[in-house]
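Student: Below you will find the structure I want to go over with you.
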Amino acid sequence: MPDQKIYITRSHIIPEAITYLDGIYDIEVWQQNSPPSRALMLEKAQECDALLTEVTDIIDAELLDHAANLKVVANRAVGLDNIDIPAATRNGILIGNTPGVLHESCADFTFGLILTLARNISYGERRIRAGEWTVFDQIPYLGTDVHGATLGVIGMGLIGTAVARRARAFDMTIVYNSRTRKPEVEAELGAEWRDNLDAVLSESDYVSLHMPLTPETEYMIGKRELDLMQPTAFLINTTRGRTVNPRDLCDALSSRTIAGAAIDVTDPEPIPFDDPLLSLDNLLITPHIASASRQTVRRMGQMSADNIIAALRGEPMPSCVNPEALTR
Ligand code: DGY
């Protein structure tokens, strides 16, 4: 019987990765599609060597401070806002994530949102299903062109760059602001650096958010920022819901301060059925699925499994955000 134990917080998302880990380790898998309870997570963190988690599992200081046996948490995500990294490092617990395997899928999806929103694809489909297509009349469905427009990228990491690459094929002008300037992206794609967020917001026809959720980016887009956008402009959020103030977004959409928004992420998540955002026709919303292609979810599962195997063998992990934890 293997002596190291892994707790996996979902059973149905990454079956191949679970099979791969089974046999090497003693694995226990939560069988429901909602997250395990807090009490169970605390218990499993104490008794296991590794956790394989999803973004909705809260791995905070309380859990990490009491996880005597825990050596690694592999989050099946690139985002790590559900994990207290300093607390993990303090406790000598390695944290893994999955960059480099999902950015192309996220960029495909982001571009899908841009086109769907701008050209009223989902809006038109909803009207037909509601029985409202009774006469040939394109005017209620007039969209906005994507080709030749200006795309503003906030956060030019792997995903932002992959979105910008697609924008090039649409002859878009690309402006961006990011934590660090990216000369290689400027050289490859002709993206233009702006040294402040406000310039990107005010110049762009489409503003696409790709920065991680951190204390600095929490509610970074609120009334002031939305007011800077053009009334014909669109906001696209595929990063985390909490980067945008949802009430300010709702006001901007209802008063048409901006033309529309497409959001794959919400605050809170899932969004309650009665949230006023859901009554707005100029909002396109999807259930946090930007990375969720079959191929990419499988790759993310494999990378999470590889992160665990490497960490438990004392080898370099495919992606570890706090290697300094090993010195604790
Ligand atoms: C990520 O990778 O952070 C996604 O949001 C989770 O699918």
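Student: Given the conditions (1) part of a helix (DSSP H, G or I); (2) open to solvent by 30 Å² or more (accessible area, probe 1.4 Å); (3) within 16 Å of the ligand (Cβ to nearest atom); (4) farther than 30 Å from ARG126 by Cα, report the number of the one that GLN295 does not fulfil.
Tutor: Every condition holds for GLN295 apart from (4).
Student: Which residue out of ALA74, ALA88, ALA61 is modelled with pLDDT of 95 or more, closer than 19 Å to ILE309 by Cα, more than 16 Å from the ligand (Cβ to nearest atom) and among the small types (Gly, Ala, Ser)? Spell out the reasoning first.
Tutor: Details: ALA74 fails: more than 16 Å from the ligand (Cβ to nearest atom); ALA61 fails: closer than 19 Å to ILE309 by Cα.
Exactly one of ALA74, ALA88, ALA61 is modelled with pLDDT of 95 or more, closer than 19 Å to ILE309 by Cα, more than 16 Å from the ligand (Cβ to nearest atom) and among the small types (Gly, Ala, Ser), namely ALA88.
Student: Out of all the residues in the stretch 38-59, which are open to solvent by less than 60 Å² (accessible area, probe 1.4 Å) and among the polar types (S, T, N, Q)? Before you say what the answer is, go through the steps one by one.
Tutor: Within the stretch 38-59, the subset open to solvent by less than 60 Å² (accessible area, probe 1.4 Å) is 40-42, 44-45, 48-55, 57, 59.
Once the filter is applied, which keeps residues that are open to solvent by less than 60 Å² (accessible area, probe 1.4 Å) and among the polar types (S, T, N, Q), the stretch 38-59 yields only THR53.
Student: From the list ARG242, ARG247, exactly one residue is within 20 Å of PRO287 (Cα to Cα), open to solvent by 10 Å² or more (accessible area, probe 1.4 Å), in contact (Cβ under 8 Å) with a residue 60 or more places away in the chain and not small (Gly, Ala, Ser). Which is it?
Tutor: Working: ARG247 fails: in contact (Cβ under 8 Å) with a residue 60 or more places away in the chain.
Residue meeting the stated conditions: ARG242.
Student: Please state which one of GLU62, GLU125 is open to solvent by 50 Å² or more (accessible area, probe 1.4 Å), more than 30 Å from GLU315 (Cα to Cα) and outside any loop (DSSP other than H, G, I, E, B). Step through it out loud before you land on a result.
Tutor: On the way: GLU62 fails: more than 30 Å from GLU315 (Cα to Cα).
Matching residue, one of GLU62, GLU125: GLU125.
Student: Tell me the helices (runs of 4 or more DSSP H) entirely within the stretch 177-232 that contain at least 1 residues that are open to solvent by 70 Å² or more (accessible area, probe 1.4 Å) and closer than 25 Å to PRO268 by Cβ.
Tutor: In the stretch 177-232, the matching helices (runs of 4 or more DSSP H) lie at 223-228.
Student: Within the stretch 208-222, is even one residue in contact with a Phe, Trp or Tyr (Cβ under 7 Å, 6 or more places away or on another chain) and touching a residue at least 60 places away in the same chain (Cβ under 8 Å)?
Tutor: As a first pass, look at the stretch 208-222 and keep what is in contact with a Phe, Trp or Tyr (Cβ under 7 Å, 6 or more places away or on another chain): none.
No, the conditions are met nowhere in the stretch 208-222.
Student: While we're here: So ARG168 ticks every box in (1) within 20 Å of THR110 (Cα to Cα); (2) surrounded by fewer than 21 Cβ atoms within 10 Å (Cβ to Cβ); (3) among the charged types (D, E, K, R); (4) within 16 Å of the ligand (Cβ to nearest atom) but one. Which box is left unticked?
Tutor: All conditions pass for ARG168, except number (4).
The values are calculated or read from the model by the stated rules, or taken from the named source; none is laboratory data. Worth saying up front: this structure is predicted, and the values here are computed from it rather than measured. Cβ sites come from the backbone with ideal geometry, for glycine too, and all protein chains shown count toward neighbours. Areas reflect the complete protein model, heavy atoms only, side chains present, ligands, DNA and RNA absent. Shrake-Rupley method; radii C 1.70, N 1.55, O 1.52, S 1.80 Å.
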